[in-house]
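Handing you this structure, nothing more for now.
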Amino acid sequence: MIFNLFIATVLFIFLAAHIVWYEAIALALSLYFLLDLIDSIGRKMPFLEIVATIAFLTWLAMPVVAYEVFNEYDVLAKLWVTFMPTPAPEYFSYALPATLLFALGLKMPLMGGVWKMPHYNARLKNHLANKSYVGIYLIVTGIVATFLIRITPEALRNIVQNFALLTYVGMFYVLYSPFKHKTKVVLFCVGLTLAQSISSGMYGQLVFMTVISTLILLAGKKIKWRTKILVLGGGVFLIFLIQSIKFEYRAGTWSGLERSADPSLFGQLIWQRLTNPSEIFQPERIFNMAVRANQGNIVSKVMSHVPKFEPFAQGRTVLNAVTASLAPRFLWPDKPRAGGADMVCRYVGDCESALRGISYNVGPIGEAYINFGKIGGCVFMFVYGLLFNFLFKKALLIARNTPSLILWFPLLFISFFTMENDVLSFLNSFVKSAFFVFVMFKSANLLFKISL
């Protein structure tokens with residue numbers, strides 16, 4: 001911690017001589033929490049550290065890049081109107097303390113009694129000592145669900161998607177059990193995920209599962225700093241690689257609402273990037289990645305729209321989110337829909353994006369401002385960080401008596417890592433995932449006499 005703080009302080013002193021102090025602090029804090037994430041790899045399951053790092057990168061670091069590089073004077077930013085509409089002092093006067101308080105909420109020492117990872121791993125392997133078959137059953141269930149998603153009615157699609165994720169849960173079961181053909185199973189699951197990404201042109205699940213699977217498998221192991229850097233660097237390179245081919249691949253396989261797969265095109269694009277890495281870092285591609293990663297741009301649009309054109313919501317959207325996440329739609333047919341389109345239309349003033357098939361959201365930091373303004377928004381972000389902290393620590397405490405619950409964490413906490421979601425999207429996803437996991441454990445025990 002002291003070393004990380006020293007490095008971040010050195011960076012701040014250097015940057016303060018070249019950019020304004022609040023941007024220097026934003027970048028220094030981003031580095032501090034990135035180093036904290038690297039330190040956490042191996043020592044624990046660093047889900048909260050990932051959340052904090054994503055928050056600092058997308059709400060602070062990338063906005064600095066937008067203000068300093070891709071601003072209103074940049075040709076590409078001016079052409080595509082992607083520059084920050086709110087002046088930098090105004091934006092950082094809210095985003096900087098709000099992000100820091102969110103991270104402090106994540107880091108608060110809540111709920112003592114959480115074990116160190118080696119203890120969890122030992123209990124988990126003992127629990128799965130005679131359950132090699134369970135992982136295979138889960139993988140098969142996930143594969144069947146994967147093929148059913150496209151023909152499933154929209155009202156039931158979220159449930160089937162959770163069943164599809166059992167492929168990865170089953171893979172973890174196999175890895176932690178004494179199954180003889182682990183390597184073949186893992187390669188099969190990885191190949192299936194890659195095939196799904198090629199087929200759909202959507203790569204978020206591929207990146208997410210790769211990163212989370214790696215971090216879970218490394219938890220509880222002694223890892224050298226060099227290895228941690230390689231793991232993190234590999235993850236960053238994977239993101240850059242996929243982002244560099246995504247638009248070209250979609251242009252070659254998507255036509256309106258029709259989406260097809262072209263494995264040869266995918267392989268060709270990957271080969272081009274690997275044999276000529278400079279293609280990955282072309283100015284246009286760097287610009288696209290910077291814009292995509294800059295959640296602060298949407299927050300700045302919120303700040304320029306509220307309360308000038310739309311008054312503060314005074315907590316209404318948060319209250320509706322809590323209520324809607326707990327009430328089933330058949331009891332409340334007109335309850336708010338997750339996804340953020342209504343929020344963007346009302347509080348950003350962009351009602352046309354959804355009609356053009358463009359989807360984005362105000363994120364929790366944007367919604368905090370929409371409801372409570374700057375000061376109240378900062379307080380809300382601290383409480384929001386505490387909520388994430390509590391849910392994760394509570395799951396770890398439950399895992400003391402139910403060791404295999406850890407293997408369900410990617411499914412259970414998938415909504416944690418999408419920091420562009422509003423409060424409703426997060427709560428709706430988490431509550432449904434938690435209920436799904438609960439039902440799976442109970443059903444397996446009651447119907448099949450299997451202790452998952």
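Being modelled with pLDDT under 90 and either on the phi > 0 side of the Ramachandran plot or buried (at least 20 other Cβ atoms within 10 Å of the Cβ) (or both): is that true of Met303 here?
no
So, one more: Take Ile406 and tell me if it is surrounded by 16 or more Cβ atoms within 10 Å (Cβ to Cβ) and in contact with a helix residue (DSSP H, G or I) (Cβ under 9 Å, 6 or more places away or on another chain).
Yes.
Here's something else I'd like to know. Among (1) at pLDDT below 85; (2) farther than 25 Å from Val299 by Cβ; (3) among the basic types (Lys, Arg), there is one condition Arg356 misses while meeting the rest; what is its number?
(2)
For segment 402-442, enumerate the residues that are among the hydroxyl-bearing types (Ser, Thr, Tyr), under 13 Å from Asn162 (Cβ atoms) and over 12 Å from the mean Cα position of the chain (by Cα).
Ser429, Ser433, listed by residue number.
Wholly within segment 13-101, which helices (runs of 4 or more DSSP H) include no fewer than the required count, namely at least 3 residues that are crowded, with 17+ Cβ neighbours inside 10 Å?
Helices (runs of 4 or more DSSP H) meeting the threshold: 21-40, 47-56, 62-68.
Would it be correct to say that Thr86 is among the polar types (S, T, N, Q) and either in contact (Cβ under 8 Å) with a residue 24 or more places away in the chain or under 30 Å from Trp21 (Cβ atoms) (or both)?
Judged against the criteria, Thr86 is a match.
Out of segment 271-290, which residues are over 15 Å from Thr82 (Cα atoms) and either within 23 Å of the chain's Cα centre (by Cα) or of a type in the set (D, E, K, R) (or both)?
Across segment 271-290, the qualifying residues are Arg273, Glu279, Ile280.
Same structure, new question: So which of Leu138, Leu175, Leu166 is more than 20 Å from Phe435 (Cα to Cα), surrounded by 15 or more Cβ atoms within 10 Å (Cβ to Cβ) and within 25 Å of the chain's Cα centre (by Cα)?
Leu175
Among the residues of segment 144-155, is there at least one that is polar (S, T, N, Q), at pLDDT 85 or above and under 24 Å from Leu217 (Cβ atoms)?
So far as segment 144-155 goes, no, none of its residues is polar (S, T, N, Q), at pLDDT 85 or above and under 24 Å from Leu217 (Cβ atoms).
Ok, one more. Which count do you get for residues in segment 117-135 that are exposed (fewer than 13 other Cβ atoms within 10 Å of the Cβ) and free of Cβ contacts under 8 Å to residues at least 60 places away in the same chain?
The total comes to 2.
The values are calculated or read from the model by the stated rules, or taken from the named source; none is laboratory data. None of these values were measured; they are calculated from a predicted model. Ideal geometry is used to build each Cβ from the backbone, glycine not excepted, and the neighbour counts take in all protein chains shown.
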